[in-house]
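Asks: I'd like to ask some things about the structure below.
The values are calculated or read from the model by the stated rules, or taken from the named source; none is laboratory data. These numbers were taken from a predicted model, which means no experiment stands behind them. A quick note on method: Cβ atoms are made from the backbone with ideal geometry, for glycine too, and the neighbour counts reach across all protein chains shown. For accessibility, only protein heavy atoms count, side chains too; no ligands or nucleic acids. Shrake-Rupley method; radii C 1.70, N 1.55, O 1.52, S 1.80 Å.
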Amino acid sequence: MIRWLERFRIRAILSALRHSRPRRRFLEVGCGFGVVLEQVRRHSGYALCAGLDISRPSLLNASRRLDRFVPLVQGDGMLLPFKDGSFDAICLTEVIEHVPDPVAVLREAARVIAPGGVLLVTAPNEAMINRLKSLLKMTGLWKLIFARYDAAGHMEDEWHLHAVDRRILSTWIKEAGVYAVRRRSLPFSLLPLRTLLVAIQQGN
């Protein structure tokens with residue numbers, strides 16, 4: 001189930017990126033072990049794919065997964081070490097709930113996106129996920145499904161600094177000065193476990 005949800009998230013990100021123009025320079029902020037970045041590198045058509053993460057151990061793991069043509073940079077999303085308009089697309093997937101100041105991070109992302117570029121953000125719908133976890137526990141399905149995984153029983157156990165939902169994410173994007181053009185519930189509207197938000201940078 002977890003793998004299926006992760007594949008769904010990556011497919012949604014790739015689909016959104018395929019509708020962006022041009023496709024020259026892509027940056028994933030908070031790239032972690034490079035799982036998403038690897039798929040973007042393989043399937044999106046971007047000439048340059050780069051990743052940034054604050055964790056050096058995560059970047060070392062990512063470097064083992066990715067080829068030598070993918071630059072990996074250690075840095076903070078609140079102060080990106082790139083010039084204005086450096087990228088045509090930036091992705092923050094399952095990152096924004098972990099940072100102290102989400103609006104500051106989104107403003108920095110907006111700064112380094114070229115005019116007309118795309119910002120993709122995904123975040124978990126914590127209230128919905130907690131309800132689903134409670135239901136699985138009550139029915140006894142939790143142990144059956146997650147017996148092999150060290151899955152947290154509640155979203156507050158996932159090192160999240162913010163409880164995010166679609167409304168909050170949209171508010172943060174607006175405060176950052178980038179306006180959403182499309183919102184999508186993942187995996188689908190009847191089971192909105194995550195929100196994918198696509199925004200366009202109209203100018204720096």
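Asks: How much length, in nm to one decimal, is gained on full extension between H43 and H19, taken as 0.36 nm per residue of separation minus their Cα-Cα distance?
Replies: Details: separation 24, 0.36 × 24 = 8.64 nm, distance 1.29 nm.
Additional length available on full extension: 7.3 nm.
Asks: If you don't mind, another one. At most 12 other C-beta atoms within 10 Å and a DSSP loop state: those are the exposed chymotrypsin sites (Phe, Trp or Tyr not before Pro) I care about. Give me the longest piece of the chain that has none.
Replies: On the way: sites that count: F69, Y149, W159.
Excluding the exposed sites themselves, the longest stretch runs over 70-148.
Asks: How big is the stretch 72-140 along each principal axis, measuring the range of its Cα positions in Å and listing the largest first?
Replies: Principal-axis extents of the stretch 72-140 (Cα, largest first): 52, 23, 23 Å.
Asks: Further question: Enter the accessible area per residue of the chain (Å², integer; probe 1.4 Å; all protein chains in place). Please list the in-between numbers first.
Replies: Details: 10670 Å² over 204 residues.
About 52 Å² of surface per residue is accessible.
Asks: At a probe radius of 1.4 Å, what is the per-residue accessible area of H162, in Å² to the nearest 10?
Replies: Around 40 Å² of this residue is reachable by solvent.
Asks: Let me see the pair-distance distribution of the chain: every alpha carbon pair, 5 Å bin width, integer percents in order.
Replies: Result returned by the calculation: 1, 7, 16, 20, 21, 16, 10, 5, 2, 1, 0.
Asks: Bin width 5 Å, origin at 0, all Cα-Cα pairs of the stretch 1-109: what percent of pairs per bin?
Replies: Percent of pairs per bin, in order: 2, 12, 24, 24, 23, 12, 2, 0, 0.
Asks: A follow-up question, please. Find me the longest stretch of the chain that has none of the exposed trypsin sites (Lys or Arg not before Pro), where exposed means in a DSSP loop (not H, G, I, E or B) with at most 12 other Cβ atoms within 10 Å. Please list the in-between numbers first.
Replies: Numbers: sites that count: R68, K83, R148.
The longest such stretch corresponds to 1-67.
Asks: What is the chain's relative contact order, in percent, from Cα pairs under 8 angstrom and six or more apart in sequence?
Replies: Values: 380 pairs, mean separation 42.7, N = 204.
That works out to 21 percent.
Asks: Given the Cα-Cα distance of L132 and A163 and 0.36 nm per residue of separation, how much length would full extension add, in nm? Please list the in-between numbers first.
Replies: Details: separation 31, 0.36 × 31 = 11.16 nm, distance 1.56 nm.
Between L132 and A163, full extension yields an extra 9.6 nm.
Asks: Before rounding to the nearest 500, sum -39500 (n - 2.57) across all DSSP H runs of length at least 4 in the chain and divide by the residue total; then give [θ] at 222 nm in deg cm²/dmol.
Replies: Numbers: 7 runs with 76 residues, N = 204.
Mean residue ellipticity at 222 nm (helix-derived): -11000 deg cm²/dmol.
Asks: Separate question: Suppose the chain between I54 and L190 were pulled fully straight at 0.36 nm per residue; how much longer would it get relative to their current alpha carbon spacing?
Replies: 45.5 nm
Asks: What ranking of I10, I54 comes out by heavy-atom accessible area, probe 1.4 Å, highest first? Write out the running numbers ahead of the final one.
Replies: Values: I10 20, I54 115 Å².
Sorted by accessible area, descending: I54, I10.
Asks: Okay, moving on. According to a simple spin-label model (label point 7 Å from Cα along Cα-to-Cβ), what is the distance in nm between R64 and D76?
Replies: 2.9 nm
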